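Below you'll find the structure, written out as structure tokens, and then a few comments.
What follows draws every value from the coordinates through simple rules; no lab data is involved. Remember, predicted model here, so these are calculated numbers, not experimental data. Backbone-built Cβ (ideal geometry, glycine too); neighbour counts: all protein chains shown.
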Amino acid sequence: MRFTSDGSVMELQVTGYEFPPDGGQPKSDDRNWLVVQCTFTPKGGKPVSDSNSCLLTYELREMTAGLKVLLSGAQDHYECSFVEPYLDIAMQSDGQGAFWADISFFLPHAWDAEDTADIQCTLSPQELNGLVEELESWCAQYPDRA
């Protein structure tokens, strides 16, 4: 997922499960935590990259569904409610065909930078559709594990 605004860029990527298939507590959410990598470049600044296990497989599916509903026009806003508060995503229709987005990602190991990357931007319907397609590919790549 790539978000840009006024010279700032935030890229979010699911890089894998937190634990190997046999890791974590069996039949618990442990096996379904996903690692999200964030690379944030503030306007005129240097890129900062960090990751954390902040998204569950079912939360990824719920976010994908919520953004599809937003894109369809059936709802005029989407706001995440993830178990871990390290990734926040809120989007709203501007009523004119575009979508306003507010994204925040906690950078737990970025000692030489701010501890949170924030970006506010506007997405066209085509950009939001591309985002949904990317999320769908991650859902297929990272299904729930027992």
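Kirkwood's formula applied to the C-alpha pairs of region 29-81 gives a hydrodynamic radius of 13.2 angstrom.
Is there a quick way to get the dipole size of the chain? I mean about its Cα centre, with the Cβ of Lys and Arg at +1 and of Asp and Glu at -1; what is the value in debye to the nearest 20? Write down the numbers at each step before the final one.
Values: 8 positive and 24 negative charges, 62 e Å.
In total the dipole reaches around 300 debye.
Give me the net charge of L135's neighbourhood, meaning all other residues with Cβ under 15 Å from the Cβ of L135; Lys, Arg count +1, Asp, Glu -1.
After counting each charged neighbour, the total is -4.
Exposure proxy ranking for D144, D6, based on other Cβ atoms within 10 angstrom of each Cβ and starting from the fewest, stands as D6, D144. All other residues whose Cβ lies under 12 angstrom from that of V35 are scored, Lys and Arg at +1 and Asp and Glu at -1, for a net of -3.
When the Cα gyration tensor is reduced to axis lengths a ≥ b ≥ c, the ratio a/c is 1.5 or higher for region 33-115, and with a/b not above b/c it is classed as oblate.
Note on C80, C38: ascending count of other Cβ atoms within 10 Å places them as C80, C38, the fewest first.
Overall, the anisotropy analysis places region 4-52 in the prolate class: the square-rooted eigenvalues a ≥ b ≥ c of its C-alpha gyration tensor yield a/c not less than 1.5, with a/b exceeding b/c.
Here the contact order of the chain, divided by its residue count and restricted to Cα pairs under 8 Å and six or more residues apart, works out to 22 percent.
Protection proxy ranking for 21-31, 115-125, using the average of other Cβ atoms within 10 Å per residue and placing the highest first: 115-125, 21-31. If I take all pairs of Cα atoms in the chain, what percentage of them are more than 23 Å from each other? The share of Cα pairs beyond 23 Å in the chain comes to 36 percent. Over the chain, DSSP H runs of length four or greater, each weighted -39,500 (n - 2.57), average out per residue to a 222 nm ellipticity of -7500 deg cm²/dmol. The Cβ shell under 13 Å around R145 holds other residues with a net charge of -3, Lys and Arg each +1, Asp and Glu each -1.
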